[in-house]
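All remarks here apply to the structure that follows.
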Amino acid sequence: MRAAFGEAARPCQIVCMSQIERPQNIRLGIGLLMIAVALFTIGEVIVKSLARDYDITQIVWARYVFHALVTYTIFSRANVFRLAQTSRPGLHVMRSALMLAATTLFFSSLRYLALADAIAITFVGPLLVTALSIPMLKEQVGIRRWMAIFVGFGGVLVIIRPGMGVMHWAAILPLCCTVCYAFYQILTRIASRTDDTQTSLFWMSTFGVVVSSIAVPFFWKTPALIELAMMITLGTVYGLGHYLLIRGLEIAPASKLSPFLYTQIIWATVLGLIFFDQFPDGPTLIGGAIVIGSGLYIWRRESLQRVGNE
């Protein structure tokens with residue numbers, strides 16, 4: 001999870017970036033985004049592997065600490081105190097707490113669920129963001145997009161199949177993760193009105209490092225060398241993934257990149273089969289297709305609406 005998405009991303013709606021004029025290159029932007037979601041999926045493979053022997057708290061700690069090191073290295077030329085400056089610290093604490101909760105919930109789900117199953121459920125994120133944008137951002141959503149939202153949630157029910165005893169109870173975890181991430185996205189949109197992306201990333205990374213570092217001593221297990229290397233790699237791929245995602249958004253419009261977030265399900269299916277011998281069953285594939293189709297429809301309607309307003 002997505003996430004700056006997170007977690008990526010989690011694999012949810014893209015956050016608006018600072019309005020700074022930069023040369024545009026849509027093909028390169030798409031390429032950077034697709035590499036980013038591939039890195040996020042590699043990170044999730046590492047999480048699922050580590051979750052066999054380590055508490056999720058320690059894995060979350062490793063993800064934040066080593067991610068923060070990458071982030072601080074990338075932005076090393078910037079003044080740390082300038083990055084931390086904001087007129088809305090409470091807002092950044094709230095959004096950072098939501099991102100931490102989303103990360104913990106999604107990582108926990110990977111202990112029990114197949115990689116592709118967990119990621120397919122999180123694809124309901126853009127639908128939630130669209131629904132929440134009405135009361136929180138005062139945006140207008142027409143009847144067609146409302147229908148797409150309900151159809152998308154129906155796709156999630158096809159994946160989870162409540163009451164049938166097929167899907168593991170942990171399927172609720174990526175769904176809860178997506179709720180947290182949707183609220184995070186909304187608050188990030190609000191924060192982007194007054195703060196730049198680097199400030200938002202700084203607060204998110206620092207909050208996660210501080211809180212997870214307080215909690216991790218209670219769950220600590222000294223890792224072997226190979227597992228320590230995996231933890232370092234985990235934070236590194238998330239850090240690089242977020243950086244590439246940001247760079248992609250700087251050189252290409254979010255409206256052009258959004259559909260390519262769904263390529264993560266391809267990576268999840270392939271890597272899940274290679275590393276865990278897991279392949280999504282028929283209902284999961286059908287439900288995932290419904291959710292993705294609903295998300296793409298909403299993206300299309302929003303794109304047409306933007307064109308009509310220009």
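The values are calculated or read from the model by the stated rules, or taken from the named source; none is laboratory data. As the structure is a prediction and not an experimental result, all values here were calculated from the model. Please note: Cβ atoms are built from the backbone with ideal geometry, for glycine as well, and neighbour counts cover all protein chains shown.
With the requirement that a residue be within 19 Å of Thr122 (Cα to Cα), in a helix (DSSP H, G or I) and in contact with a helix residue (DSSP H, G or I) (Cβ under 9 Å, 6 or more places away or on another chain), what does segment 274-292 give you? Within segment 274-292, Pro283, Thr284, Leu285, Ile286, Gly287, Gly288, Ala289, Ile290, Val291, Ile292 qualify.
Annotation: of all residues in segment 218-268 being over 16 Å from the mean Cα position of the chain (by Cα) and among the aromatic types (Phe, Trp, Tyr), the one that is surrounded by the fewest Cβ atoms within 10 Å (Cβ to Cβ) is Phe218. Residues that are more than 25 Å from Trp203 (Cβ to Cβ) and of a type in the set (Gly, Ala, Ser) within segment 43-68 comprise Ser49, Ala51, listed in sequence order. Restricting attention to segment 153-171, does a residue exist that is assigned to a helix (DSSP H, G or I), among the basic types (Lys, Arg) and closer than 25 Å to Ala118 by Cα? Among the residues of segment 153-171, not one is assigned to a helix (DSSP H, G or I), among the basic types (Lys, Arg) and closer than 25 Å to Ala118 by Cα, which makes the answer no.
Restricting the first member to segment 124-142 and to residues that are exposed (fewer than 12 other Cβ atoms within 10 Å of the Cβ), and the second to residues that are at pLDDT below 75 and part of a helix (DSSP H, G or I), the beta-carbon pairs closer than 8 Å and six or more apart or on different chains are Gln140/Ile134; Gly142/Arg301.
Condition test on Arg145, is it in contact with a Lys or Arg (Cβ under 9 Å, 6 or more places away or on another chain) and either crowded, with 23+ Cβ neighbours inside 10 Å or in a helix (DSSP H, G or I) (or both)? When the stated conditions are applied, Arg145 passes them. Among the candidates Thr206, Thr197, the residue that is at pLDDT 85 or above, closer than 19 Å to Leu98 by Cβ, out of contact with any Gly (no Cβ under 7 Å at 6 or more places or on another chain) and not basic (Lys, Arg) is uniquely Thr206.
Determine whether segment 159-171 contains at least one residue that is over 29 Å from Arg301 (Cβ atoms), at pLDDT 85 or above and either touching a Pro at 6+ places or on another chain (Cβ under 6 Å) or surrounded by 12 or more Cβ atoms within 10 Å (Cβ to Cβ) (or both). Scanning segment 159-171 turns up at least one residue that is over 29 Å from Arg301 (Cβ atoms), at pLDDT 85 or above and either touching a Pro at 6+ places or on another chain (Cβ under 6 Å) or surrounded by 12 or more Cβ atoms within 10 Å (Cβ to Cβ) (or both).
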